[in-house]
Amino acid sequence: FRFYGANADASNPAIEADFTDLVSPQADGSTWTMQGVHYWMVDPVSKEPSYGANVVNFTGIYPKDLVASAALPVSVDLNLNTNNGRDLDDILVAYYSATRNDNLVSGVPLNFKHVLSQIVVRAANGHIDERKVEIIGVKLSNVKPEGTLTFPTSNTIGNTAYAPISNPSGTPVSYIIKHTNGEVVTLSENVQNVMFDGKYAGGFMVIPQSFTCTQGLPLTIQASDTYLSVLCRIYKKDSADEWELIYPKNGEDGKYGFASVGISGTWEPGKKYIYTLNFYEDNGGAGLIDPNPVDPDDPDNPEVDTSPDDEDAPTGIVDDEQAKTPITFTVSVEDWQDGSGSDSGFNKIM
């Protein structure tokens, strides 16, 4: 990450000028090392710590190229639309006002806060005796990809009032995470993570925002709604007790179709939202048809059936018993663990 030190009393010539530095972890992640050595306030002639009560404001940011300039700006504009928002694994910031007198021995206690929201999708099949669901991808649709990140100006340790991102905006986009190397998740009665690729198994990273899905009767999802989709195949047992493909219509050609459920709510910074999709559970069904049933990474993806449903059931998954019924789902929220510490690497600032 990148590390900034800024004198609170810049008018005092004995205080070292502002600095910026890259900091890298040791192999075990327990300590951090800066590129250069920096000093607390000292008398320019005697080099004695005559100004040990003066304040230096420390700011840490990750990733290191979030700010390109040597000077830390008040804010930066974020756009998570590049490569469907997945070029950026995470964004963290920290702030602490320190003095030599208070922090020479203990180090500078920086508490890094996550500024994005994390979305994780899990799934289960509540009717495994009669239905089989195979999933090869997860899509999150109609998410605002832009926002303004304002850097903190008060200590982030215990600071629950810090609201890092404002003005969620931009043309809504869709994100998708797909299988790798032909991996397929066949749902069981037990909840499973369906995020696939190890790098992104933790979930989508999104700008904190409010979102809606205005479902009417009969149940539909509008193209402008926010919703989750799984790229899947659905089977039922036939009269010979064999699995018969019922979705998508052209699945016998090796294709999969998107089954969707609308979501509404608010994503807050530093929180992980776990959506558990329950296929065929508690009178639930297999979902609704995605109003934009394409792969946002590859609109011509040959695995995706862009007209997946039977012409007699244009708004619901083809299922002779539970056609046009939504997937039931639950949402749980976890505080995303902040990174903290007064690491020995910071003690080198003397």
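The values are calculated or read from the model by the stated rules, or taken from the named source; none is laboratory data. Here the structure is a predicted model, which is why all the values come from computation and not from measurement. Note: ideal-geometry Cβ built from the backbone for every residue, glycine included; neighbour counts use all protein chains shown. Remember, those area values only see protein heavy atoms, side chains included, never the ligands or the DNA or RNA. Shrake-Rupley method; radii C 1.70, N 1.55, O 1.52, S 1.80 Å.
Quick notes
- Restricting 284, 257 to those that are part of a loop (DSSP other than H, G, I, E, B) and either among the basic types (Lys, Arg) or closer than 21 Å to residue 135 by Cα (or both) reduces the list to 284.
- Candidate set: the range 266-275, residues that are out of contact with any Asp or Glu (no Cβ under 6 Å at 6 or more places or on another chain) and under 21 Å from residue 174 (Cβ atoms); chosen: the one surrounded by the fewest Cβ atoms within 10 Å (Cβ to Cβ): 266
- When the residues of the range 250-265 are filtered to those that are surrounded by fewer than 19 Cβ atoms within 10 Å (Cβ to Cβ) and at pLDDT below 80, the one that is farthest from residue 328 (Cα to Cα) is 253.
- Yes/no for residue 223 being among the small types (Gly, Ala, Ser), more than 26 Å from the chain's Cα centre (by Cα) and in a loop (DSSP other than H, G, I, E, B): no
- Residue match in the range 211-221 (condition: touching a Gly at 6+ places or on another chain (Cβ under 7 Å) and at pLDDT 90 or above): yes
- For the range 232-249, the criterion of a residue being open to solvent by 10 Å² or more (accessible area, probe 1.4 Å), closer than 30 Å to residue 207 by Cα and of a type outside the set (A, V, I, L, M, F, W, C) is satisfied by no position.
- Only a single item in (1) in contact with a Lys or Arg (Cβ under 9 Å, 6 or more places away or on another chain); (2) in contact (Cβ under 8 Å) with a residue 40 or more places away in the chain is not met by residue 153, and it is number (1).
- Residue among 312, 319, 297 that is of a type outside the set (S, T, N, Q), open to solvent by 40 Å² or more (accessible area, probe 1.4 Å) and at pLDDT below 75: 312
- Members of the range 95-148 that are more than 13 Å from the chain's Cα centre (by Cα), part of a loop (DSSP other than H, G, I, E, B) and of a type in the set (Val, Ile, Thr): 105, 108, 128
- Test result for residue 103, at pLDDT 90 or above and crowded, with 19+ Cβ neighbours inside 10 Å: no
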